[in-house]
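S.K.: Structure incoming, see below.
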Amino acid sequence: QMHSIIATKQKYSTRRGEIRNQQKISEYSITVNREVIEDNRNARHFITANIRSGVKFDLKKGLTTFIHKGDCEIVQAEPRLYPLCQWAVVREGETLEQVFDGVDFASSRGTFKRIAASLMKHNFKNNMQSVKWTVVALKFGNVILLSEEKIDNGNSSEVSMYSGYKFEQYMTSDRENGTADTTSPVDNRKTYEKIVKSELVSESATLKILCDAEIDAVRGDEPMELKTAVDGKETALPGILEKVLQIEIAGVKRIVFGLKNDKSNYMVHRVIDRSINYLKDMLNANNGVQPPLEGQCYAFLSDILTDVKQFMKENEVCEIRFDPYKAIVEIKAMTKGEAKARGHVVTQDFINKFNLNF
């Protein structure tokens, strides 16, 4: 069994989808030992006073002492869906319907974003390898979990990855109204995440989706996204599209940029704060009368998820794959054994709580 969806910009140039009725239904923290706790103990508090010019934030400072969760064996051994599964285990409720609040799909916001953004990348000539993706869909009851296959495209250097976390260290504190501790090693093992339920609406369907999103910082109860960028290019294509999708899917309204002089420079000299509406205006400034670019991407995402939902009426597991060379998304059946062999599994605690056969 196989089904294909054409993924070209021309096909969606008059289509429009939207994210509506977003609500935060839960939050959780992940400890150094990978325990998932349904609270906000690991939330990082934003330091508003650092939104200014004339800063000198050295993003390479302390690089040799970086403690990266990706290097930890316990993390490397986890299934891709570990955080979402363990959140479901600790959340109140006995059934999948109760815990997942009746949604059609659940995954990380990064997976939803990557699928949606690929509409604009079918002719991304620079590095086709970096834009292809594979997602495995696992159906339990009425909810479909999306597990993304990790692809190492070799694009990210250690210093570029580290610099983002170092910027977060300059801009946050572990307590409200606190100060930044920029001398301790950067350690990204502890995270704070929120669970957001939304409606993905297009002309052809309304789907309920649930995403878990790592939150860089909070200002009071307001989540904030933190990014570094080259000064003057923070709203340039194609990056701005992914930023809009990433923050909107997670229900984040504001993004803070640490601005550098050029890509190879790791010294932030200015920090600015922008709203998602500002980013959308910049994204669509030259779009004419067409639907907004993010709306076209949401229509594309809706079509894929609608077809996956239909396909999984007769299948418990399927593979969804984007081929940027052919500009198509393929959906095909696979066995539980094939999914397990590739690491697309749920945790034993998840199986036990919901009495599943997997």
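S.K.: Answer yes or no as to whether ILE215 is among the aliphatic types (A, V, I, L, M), under 23 Å from GLY62 (Cβ atoms) and under 18 Å from the mean Cα position of the chain (by Cα).
M.R.: yes
S.K.: Taking the criterion of being surrounded by 14 or more Cβ atoms within 10 Å (Cβ to Cβ), at pLDDT 95 or above and at positive phi, would at least one residue in the stretch 110-118 satisfy it?
M.R.: Within the stretch 110-118, not a single residue is surrounded by 14 or more Cβ atoms within 10 Å (Cβ to Cβ), at pLDDT 95 or above and at positive phi.
S.K.: Being among the aliphatic types (A, V, I, L, M) and open to solvent by 10 Å² or more (accessible area, probe 1.4 Å) is the filter; apply it to the stretch 287-312 and report the residue that is nearest to GLU199 (Cα to Cα).
M.R.: Here the residue is LEU293.
Listed here are the residues, each with its yes/no results for (1) over 25 Å from GLU35 (Cβ atoms); (2) aromatic (Phe, Trp, Tyr); (3) touching a Pro at 6+ places or on another chain (Cβ under 9 Å); (4) modelled with pLDDT under 95.
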{"site": "GLU149", "(1), (2), (3), (4)": "yes, no, no, yes"}
{"site": "ASP152", "(1), (2), (3), (4)": "yes, no, no, yes"}
{"site": "GLU158", "(1), (2), (3), (4)": "yes, no, no, yes"}
{"site": "SER163", "(1), (2), (3), (4)": "yes, no, no, no"}
{"site": "GLN169", "(1), (2), (3), (4)": "no, no, no, no"}
{"site": "THR179", "(1), (2), (3), (4)": "yes, no, no, no"}
{"site": "LYS190", "(1), (2), (3), (4)": "no, no, no, no"}
{"site": "ILE195", "(1), (2), (3), (4)": "no, no, no, no"}
{"site": "ALA229", "(1), (2), (3), (4)": "yes, no, no, no"}
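S.K.: State yes or no: is ARG270 open to solvent by 30 Å² or more (accessible area, probe 1.4 Å) and within 28 Å of ILE209 (Cα to Cα)?
M.R.: No: the conditions fail for ARG270.
S.K.: Would you mind stating whether GLU225 is open to solvent by less than 10 Å² (accessible area, probe 1.4 Å), part of a strand (DSSP E or B) and touching a helix residue (DSSP H, G or I) at 6+ places or on another chain (Cβ under 8 Å)?
M.R.: Yes.
S.K.: What do you reckon, is ASN315 of a type in the set (S, T, N, Q) and either crowded, with 21+ Cβ neighbours inside 10 Å or in contact with a strand residue (DSSP E or B) (Cβ under 7 Å, 6 or more places away or on another chain) (or both)?
M.R.: It is true that ASN315 is of a type in the set (S, T, N, Q) and either crowded, with 21+ Cβ neighbours inside 10 Å or in contact with a strand residue (DSSP E or B) (Cβ under 7 Å, 6 or more places away or on another chain) (or both).
S.K.: Of the residues ILE331, ILE351, which single one is buried (at least 18 other Cβ atoms within 10 Å of the Cβ) and either more than 19 Å from the chain's Cα centre (by Cα) or farther than 24 Å from THR95 by Cα (or both)?
M.R.: ILE331
S.K.: Going through the stretch 9-39 one residue at a time, which ones are more than 27 Å from LYS208 (Cα to Cα), open to solvent by 70 Å² or more (accessible area, probe 1.4 Å) and of a type outside the set (D, E, K, R)?
M.R.: Across the stretch 9-39, the qualifying residue is only ASN33.
S.K.: Can you tell me which residue is most open to solvent (accessible area, probe 1.4 Å) among those in the stretch 51-104 that are within 23 Å of LYS340 (Cα to Cα) and among the aromatic types (Phe, Trp, Tyr)?
M.R.: Checked the stretch 51-104; the qualifying residue most open to solvent (accessible area, probe 1.4 Å) is TYR82.
S.K.: Looking at (1) in a loop (DSSP other than H, G, I, E, B); (2) in contact with a helix residue (DSSP H, G or I) (Cβ under 8 Å, 6 or more places away or on another chain); (3) open to solvent by less than 50 Å² (accessible area, probe 1.4 Å); (4) farther than 25 Å from ILE151 by Cα, find the lone condition where ASN42 falls short.
M.R.: The single condition ASN42 does not satisfy is (2).
The values are calculated or read from the model by the stated rules, or taken from the named source; none is laboratory data. On a predicted model such as this, the values are computed, not experimentally measured, just so you know. Ideal geometry is used to build each Cβ from the backbone, glycine not excepted, and the neighbour counts take in all protein chains shown. Only protein heavy atoms, including side chains, enter the accessible area calculation; ligands, DNA and RNA are left aside. Shrake-Rupley method; radii C 1.70, N 1.55, O 1.52, S 1.80 Å.
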